[in-house]
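The values are calculated or read from the model by the stated rules, or taken from the named source; none is laboratory data. Not measured: the values here are computed from a predicted model. What goes into the accessible areas is simple: the full protein's heavy atoms, side chains included, and nothing from ligands, DNA or RNA. Shrake-Rupley method; radii C 1.70, N 1.55, O 1.52, S 1.80 Å.
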Amino acid sequence: MSALNWQKSSFSGEAASCIHIAAADDGTIKLHESDEPDVIVTTTPEKLRAFILGVKAGEFDHFAQATGTDSDSDEAGPQPTSPRS
């Protein structure tokens with residue numbers, strides 16, 4: 001296996017904390033955070049594309065929403081959608 005050519009988004013600029021991505025010889029996509037470069041996530045181009053489309057469509061927005069301090073709220077909030085195949 002050849003050395004991976006890690007790239008970061010141009011949107012990261014000079015930021016120290018960012019995600020790096022690399023295409024491996026076997027056709028998979030590798031991702032890691034600059035904070036922990038030894039922890040590598042491996043996926044396929046198809047699954048990464050589905051994830052990115054889901055992020056753009058707001059399918060994961062409920063993870064980023066701030067929770068209120070009122071735990072007795074009757075509001076259920078957004079529900080997760082089914083995963084893409």
Within the range 32-44, take every residue that is open to solvent by less than 40 Å² (accessible area, probe 1.4 Å) and part of a strand (DSSP E or B) and give me the one that is farthest from A15 (Cα to Cα). T43
In the range 18-33, is there at least one residue being within 17 Å of the chain's Cα centre (by Cα), at pLDDT 90 or above and among the basic types (K, R)? yes
